[in-house]
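The structure appears below as structure tokens.
What follows is calculated from the coordinates using simple rules that are stated; it is not laboratory data. Small disclaimer: the values here were computed from a predicted structure and weren't measured. For neighbour counting, all protein chains shown are included, and Cβ atoms are generated from backbone atoms with ideal geometry for every residue, glycine included.
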Amino acid sequence: MTRSVWLALSFLIAAPLAASDDVSSDRQRELRNLLIQDCGSCHGLKMRGGLGPALVPLMLQGKSADYLSSVILDGRPGTAMPPWRPLLSPVEARWMAVMLLQGIAQ
């Protein structure tokens, strides 16, 4: 099965997840810091863009939390976006994606 087919199927079977499910409050603080400091180093400290594109809710319209979490985990080949899978679980990446969609990281 190709990566794109697997990715498409994973979106269909992924269970809905609230932003705080299975992520402890301590880990949420760490992940928020990662969003601001590490992601912000490329996407801007206010997520309004820089080396990487803006990650504000207006610019993320039409993108699902599942899509964003897969980009967080696997990066974007051919761009400066690295894969974070070695450091984050899928649940943590989804939590971060939900925060971005809600504008919490700004």
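Would you check which residues across segment 78-95 are farther than 20 Å from SER41 by Cβ and either free of Cβ contacts under 8 Å to residues at least 24 places away in the same chain or among the β-branched types (Val, Ile, Thr) (or both) and list them? Correct list: SER89, PRO90, VAL91. Here LEU58 meets the list (1) out of contact with any Ser or Thr (no Cβ under 7 Å at 6 or more places or on another chain); (2) surrounded by 17 or more Cβ atoms within 10 Å (Cβ to Cβ); (3) hydrophobic (A, V, I, L, M, F, W, C) almost entirely, failing just condition (2).
Considering segment 72-88, the residues that are out of contact with any helix residue (DSSP H, G or I) (no Cβ under 8 Å at 6 or more places or on another chain) and surrounded by 15 or more Cβ atoms within 10 Å (Cβ to Cβ) include one that is nearest to ASP38 (Cα to Cα), namely GLY75.
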